[in-house]
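J.: Shown below is the structure under consideration.
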Amino acid sequence: MRRRFLILSGMATIALVLAGCLGGSELAVLTVRFQGMDPNIGERFEVRLFKQGSPSEIGRSVLDTITNGAFEMEFTGVEEGMTYVLEFFADKNGSGAYDPPPADDAWQLVVPMTSIAVTATFTRSGTTTDIGWGTGQPNVPAVDGVIEDDEYAHFFEDAETGMHVYWRNDQTTLTMGLVSPGTGWISVGFDATNVMQDADIILAAVVGSQLVIFDHFGTSQYGHSLDAEQNILESAGIESGGQTVVEFSIPLNSGDSWDKPLVPGNTYPLLLGYHRTSDDMSRKHSEGSTTQFTLDP
């Protein structure tokens, strides 16, 4: 791996050449512009690169000190048509290694290589996420019906229903885990306008040892119907100890007119519901609530 450091127009430019990742693909260039990094000036900065869906890290670079709030990193050796995940952190506490926020500041960026040369911009915000640096792979939840400690970036327990809600997102996909204190169906709805109206709703139940899961749309205040397109990318669930655990991932913007697009960085209303004992999704929930959640930028 070769690195070179240049200074152009007051912006630190880091070129990282990746070896052995091309195969027979045509050489492409990914440029990432980092902006608003002034709060981290004087801190060490590290970035690592993955091909989305692959556990193998294919590139890493270190900037010993951030000297300017705006700088660029250039990655050559990436492949056109592939999607890449960049994870990076600023060593805020000066330990010399990654420590989860708030000790260090950390972020994730997903970039599709839609052409031979792509420029992506990352603008720093106050929201950081635990990227699981040191695990040797991106900190992406495994959709397997088992929720591990620190698997998700965010969690809360809903006071009204007693449900546990876990989630993590990148720029294209939301992965969510739900745990209910019952053995019946479980549901979550996104961005309703009036009770259930216009919400994108996921309903699921573990029937025997099988997960049954559906993508619905809120048609009225208290009604919903099955979407013509079932935009659920992955799903898994189990019943154990009187609880139901469901994990699923959905696209943030499926392009389906019956789905509500979700935008990274935005806060949305969240509908929660479950039935204590019945897997019959036509039965009214035992407990339900309206709360909200915020996607990472």
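The values are calculated or read from the model by the stated rules, or taken from the named source; none is laboratory data. All values reported here derive from a predicted model rather than from experimental measurement. All Cβ positions, even for glycine, are placed from backbone atoms using ideal geometry, and neighbour counts span all protein chains on display.
J.: With the stretch 227-297 as the region, which strands (runs of 3 or more DSSP E) entirely inside it contain at least 2 residues that are at pLDDT 95 or above and among the β-branched types (Val, Ile, Thr)? Spell out the reasoning first.
T.: Working: elements: 234-240, 243-251, 267-274, 287-294.
Hits in the stretch 227-297: 243-251.
J.: Sticking with this structure for a sec: Which residues, counting only those in the stretch 209-225, are at pLDDT 90 or above and surrounded by fewer than 16 Cβ atoms within 10 Å (Cβ to Cβ)?
T.: Answer for the stretch 209-225, where residues must be at pLDDT 90 or above and surrounded by fewer than 16 Cβ atoms within 10 Å (Cβ to Cβ): Gln210, Val212.
J.: Something else now. Looking at (1) under 27 Å from Ala106 (Cα atoms); (2) surrounded by fewer than 17 Cβ atoms within 10 Å (Cβ to Cβ), which one does Leu178 not meet, given that it meets all the others?
T.: It fails just one condition, (2).
J.: Quick one: what pairs do we get from the stretch 236-248, first residue under 13 Å from His275 (Cα atoms), second of a type in the set (Ser, Thr, Tyr) and part of a strand (DSSP E or B), C-beta under 6 Å, 6+ apart or different chains?
T.: Thr244/Ser180
Condition check ((1) hydroxyl-bearing (Ser, Thr, Tyr); (2) at pLDDT below 90; (3) part of a strand (DSSP E or B); (4) out of contact with any Pro (no Cβ under 9 Å at 6 or more places or on another chain)) across all residues:
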position: Phe34; (1), (2), (3), (4): no, no, yes, yes
position: Gly53; (1), (2), (3), (4): no, yes, no, yes
position: Ile58; (1), (2), (3), (4): no, yes, yes, yes
position: Lys92; (1), (2), (3), (4): no, no, no, no
position: Ala97; (1), (2), (3), (4): no, yes, no, yes
position: Trp107; (1), (2), (3), (4): no, no, yes, no
position: Thr114; (1), (2), (3), (4): yes, no, no, yes
position: Val118; (1), (2), (3), (4): no, no, yes, no
position: Trp133; (1), (2), (3), (4): no, yes, no, no
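J.: Do we find that Glu148 is among the acidic types (Asp, Glu) and modelled with pLDDT under 90 in this structure?
T.: In short, yes.
J.: Determine whether Phe89 is touching a residue at least 40 places away in the same chain (Cβ under 8 Å), crowded, with 18+ Cβ neighbours inside 10 Å and either within 16 Å of the chain's Cα centre (by Cα) or in the same structural domain as Ala236 (by TED's automatic domain parsing) (or both).
T.: So Phe89 fails the test.
J.: Scan the strands (runs of 3 or more DSSP E) fully inside the stretch 140-208 and keep the ones with 2 or more residues being aliphatic (A, V, I, L, M).
T.: In the stretch 140-208, the matching strands (runs of 3 or more DSSP E) lie at 173-180, 186-190, 200-207.
J.: Being of a type in the set (D, E, K, R) and without any contact (Cβ under 8 Å) to a residue 40 or more places away in the chain, is that true of even one residue in the stretch 179-199?
T.: Looking for residues that are of a type in the set (D, E, K, R) and without any contact (Cβ under 8 Å) to a residue 40 or more places away in the chain, one finds none in the stretch 179-199, hence no.
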